[in-house]
Amino acid sequence: MASDRLRDGDPDGHAVHPEDFTLSSDPWALFAAWMAEAEASEPVDANAMALATAGPDGLPDVRVVLLKGLDPRGLVFYTNAESAKGGQLAANPQAATVLYWKSLGRQIRTRGPVSPVTPEEADAYFASRHRDSRIGAHASRQSRPLTDRPTLMAEVAALSQQYEDGPVPRPEHWLGYRIAPVQLEFWQNGAYRLHDRVRFTQAGDGWTRSRLYP
């Protein structure tokens, strides 16, 4: 059946991709190239990234955030530091991520330590957001119980009136975080589940590369 072929990734489902990416020696150049292709291919939020964290109890937690910065320093996302993930990162500043692009049959996994971006970086990105999103960052007590939606919308309305005639400042608890990967793994769909996997592992100032079984 067609659904079986799609699951198994045969040539009638996902196309078999060339293996040239497995020869790359620079994970950041490869990441940027795949990201550019995803932005041209994915219909919505090509930068959607599953973010896994764990608190002191070691129990993992995962949710989707948006990747907002990418360079050799790491991957940047922004959130409320008083949220569940903010609390987990304060207690255990490490994370793992996955970006998956169904249209391309590709994914990138990373894992590594996490640190806050500078206040200047956070201010610059916050100022670039839509005004309503900036208002929402003030109104939302992220991850905490909410009586009902009208309560939230009333807070949004009050804040919109408060900041009607001026700029909306960045809340102190609204921060950016940078994940500095110690590992990056690139996965590409292959026929009959014979996928290509290449893992880059940090080694001093450079990277070692290894190919993995599917």
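Give the residues of the stretch 170-188 that are out of contact with any strand residue (DSSP E or B) (no Cβ under 7 Å at 6 or more places or on another chain), surrounded by 14 or more Cβ atoms within 10 Å (Cβ to Cβ) and not basic (Lys, Arg), sorted by residue number. Break it down into steps so the answer makes sense when it comes.
First, the residues of the stretch 170-188 that are out of contact with any strand residue (DSSP E or B) (no Cβ under 7 Å at 6 or more places or on another chain): 170-172.
Next, from what is left, pick out any that are surrounded by 14 or more Cβ atoms within 10 Å (Cβ to Cβ): 170-171.
Within the stretch 170-188, Pro171 is the sole residue that qualifies.
From the set of residues in the stretch 85-103 that are within 13 Å of His173 (Cβ to Cβ) and aliphatic (A, V, I, L, M), which is surrounded by the most Cβ atoms within 10 Å (Cβ to Cβ)? Let's see the steps before the verdict.
First, pick out the residues of the stretch 85-103 that are within 13 Å of His173 (Cβ to Cβ): 85-87, 89-90.
Next cut, aliphatic (A, V, I, L, M) only: 89-90.
Numbers: Leu89: 24, Ala90: 14.
The qualifying residue surrounded by the most Cβ atoms within 10 Å (Cβ to Cβ) is Leu89.
Residues in the stretch 177-202 that are among the aliphatic types (A, V, I, L, M) and modelled with pLDDT of 95 or more were compared, and the one that is farthest from Gly69 (Cα to Cα) is Val198. When only residues in the stretch 175-201 that are within 16 Å of Thr110 (Cβ to Cβ) and either assigned to a loop (DSSP other than H, G, I, E, B) or among the basic types (Lys, Arg) (or both) count, which is nearest to the chain's Cα centre (by Cα)? By that ranking, first place goes to Arg178. Taking the criterion of being farther than 18 Å from Trp101 by Cβ and under 15 Å from the mean Cα position of the chain (by Cα), the residues of the stretch 25-59 that qualify are Ala52, Thr53.
The rows are residues; the columns are (1) over 19 Å from Pro27 (Cβ atoms); (2) in contact with a helix residue (DSSP H, G or I) (Cβ under 6 Å, 6 or more places away or on another chain).
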| position | (1), (2) |
| --- | --- |
| Gln142 | yes, no |
| Thr147 | yes, no |
| Leu152 | yes, no |
| Val156 | yes, yes |
| Val182 | no, no |
| Tyr213 | yes, no |
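The values are calculated or read from the model by the stated rules, or taken from the named source; none is laboratory data. Keep in mind the model is a prediction, meaning the values are calculated, not measured. Don't worry about glycine lacking a Cβ; one is built from the backbone with ideal geometry, like all the others, and counts go over all protein chains shown.
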